[in-house]
Amino acid sequence: MTTTTTTFVRRALVAVLAMVLVSFWSARADAANVGGTGVTGADSITRVTLAAGRDIPPGVTVDLLRRTMILAAGEKRYLRGRLEATSSTTGIVGLTQRVRCLNAAGATVPVVAASARNHEGSDATTYAIPGHLPLYADLLLTAPTAGVYTCVLQGTAYSTLPGTYHLTAVAGSTWLEADDTDRTGARWWQNPACESADLTGACTYVGGGPARRDAWVFYDDGTPVHQWQAHPDAATVSARANVELTTCYQGTSSCSDAMEAYPRGENAVVDTRFEFIQLDTTGHACRTHSTSARRTVTDDAHHSVGYSALSGIPIDSACGTRTFLMRVYVKHVSGQTVKIDGVQSGITSLTNGIALNHFS
């Protein structure tokens, strides 16, 4: 097979990929793969690290790491997972990472935090380490009742490629962090329902044609606008938001058909600005803290998560309140229309935000 033919087949196969987030059979983590723990940071966070590489075969959700906690009703824990994956093939393979917490009965609570991107092959040179794709997911767990909770870092691979292949979670670089104590007063945001294929047109899009030119995530996308109160004893606050975008090339099964304007290979460029705003007594902006980025989402990657964080934010007493507003501005610059991914299957959140108090 010629190089040109190989490239055509590779692209034709990946063109039918969708970010599938349905429930796969879940393989339990091998206890031998769980490394030691260590407490880091002023907020007492424990990191559990993958001690040996773990293969992720296609169509199977693999439990990679876990953390079990005994919580009181209403107690909160902030969790962050990192999955770094290599691939056994030069073809394109979808990768989804999840942080999922289960109660003693095995039910998921309250929501699954996920991020996804196509692994562009063992020969990919667009990552910081060639062939190594890292994904992050953040979750705020609030215990609905007192009991035992087990939180799991999971990985899923999916593709239409023929033959045998797998992704591998990289030892040492794959980890799960969790708070050791109550994360008092923390708040979780997530945007509205948006299924992978979007057959009902419920998702928010930015781009050309019928799409919006820009959008405010958590503000004008159908999310109830929430004003968060920093704790009276907090010295500073921090905030982060993860926004998942998907390119809508012709023939993809990940977007509404009306949003597919260009053939695969056009790619997309968007500008994003994450804002965390302290309000005054009239409900208007008093102090705006923000971070901006221009992002290119390639059709090979297809899905891309923008991770934004603001830390060490002082609470200005001159504003007269300890009230904050979170939002993310997304503006289309060029190329493919992009979908702002939301909650799938009623429980899996791909775009979300967290606000945290810090007491020292």
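The values are calculated or read from the model by the stated rules, or taken from the named source; none is laboratory data. All values derive from a computational prediction rather than experimental measurement. Counting neighbours? That spans all protein chains shown, and the Cβs are built from the backbone with ideal geometry, glycine included. Note: areas computed on protein heavy atoms with side chains; ligands, DNA, RNA excluded. Shrake-Rupley method; radii C 1.70, N 1.55, O 1.52, S 1.80 Å.
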Notebook entry, point to check: GNM, the chain, Cα, under 10 Å: largest mean-square fluctuation among L350, L79, L199?
Noted result: L199
Note to self: Give me the percent of accessible area attributable to carbon and sulfur for the chain, probe 1.4 angstrom.
What the structure shows: 53
Next item on the list: Kindly write out, for region 167-174 in residue order, the coupling ³J(HN,Hα) from the Karplus curve 6.51 cos²θ - 1.76 cosθ + 1.60 (θ = phi - 60°), rounded to whole Hz, with x marking Gly and Pro.
Entry: 9, 10, 6, 7, 5, x, 9, 10
Notebook entry, point to check: Dividing the Cα convex hull volume of region 35-149 by residue count, how many Å³ per residue is that?
Noted result: 119
Next item on the list: Would you compute, for the Cα atoms of region 144-260, the largest minus smallest coordinate along each principal axis and list the three values in descending order, in whole Å?
Entry: 52, 42, 27
Item checked: Cut-off under 5 Å, modelled amide H: who pairs with T223 long-range -> F218
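Dipole magnitude of the chain about its Cα centre, charges +1 at Lys/Arg Cβ and -1 at Asp/Glu Cβ only, in debye to the nearest 20? Display every interim value, and only then the final one.
Values: 28 positive and 30 negative charges, 40 e Å.
Charge dipole of the chain: 200 debye, to the nearest 20.
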Next item on the list: Calculate one ³J(HN,Hα) per residue across region 309-321 by plugging θ = phi - 60° into the Karplus curve 6.51 cos²θ - 1.76 cosθ + 1.60, and present them in order as whole Hz with x for glycine and proline.
Entry: 9, 10, 10, x, 7, x, 9, 7, 5, 5, 6, x, 9
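Expressed as a whole percent, how much of the Cα-Cα distance distribution for region 284-360 exceeds 17 Å? Working shown, then result.
On the way: 1782 of 2926 pairs.
Cα-Cα pairs of region 284-360 separated by over 17 Å account for 61 percent.
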Checklist line | Other-chain or far-sequence residues with amide H under 5 Å of G121's (modelled H) | finding: V93
Note to self: Quick one: 3J(HN,Hα) in Hz for region 151-164, Karplus 6.51/-1.76/1.60 with θ = phi - 60°, rounded, Gly and Pro as x.
What the structure shows: 9, 10, 8, 10, x, 10, 10, 7, 5, 9, 4, x, x, 9
Margin query: Given a 10 angstrom Cα cut-off, can you work out which residue in M259, M69, M326 is the most mobile in a GNM of the chain?
Written below: M69
Notebook entry, point to check: Can you give the Rg and Dmax of region 62-117 based on its C-alpha atoms, in angstrom?
Noted result: 14.5, 48
Note to self: Counting C-alpha atoms alone, how compact is the chain: give Rg to one decimal and Dmax as a whole number, in angstrom.
What the structure shows: 20.4, 70
Note to self: Let me cross-check R287: its accessible surface, 1.4 Å probe, with only protein heavy atoms counted, in Å² to the nearest 10?
What the structure shows: 110
Checklist line | Cβ-based charge dipole, the chain, positive-most Cα from L71, G342, L102 | finding: L71
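For the chain, with every protein chain kept in place, what is the accessible area per residue (1.4 Å probe, Å²)? Write down the numbers at each step before the final one.
On the way: 14460 Å² over 360 residues.
About 40 Å² of surface per residue is accessible.
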Next item on the list: Scan around E75 for amide H atoms under 5 Å from its own, H built in the peptide plane at 1.01 Å from N, and keep only partners 5 or more places away or cross-chain.
Entry: A143
Next item on the list: Taking the dipole about the Cα centre of the chain, with the C-beta of Lys and Arg at +1 and of Asp and Glu at -1, give me whichever of V305, H332, L176 is farthest to the positive side.
Entry: L176
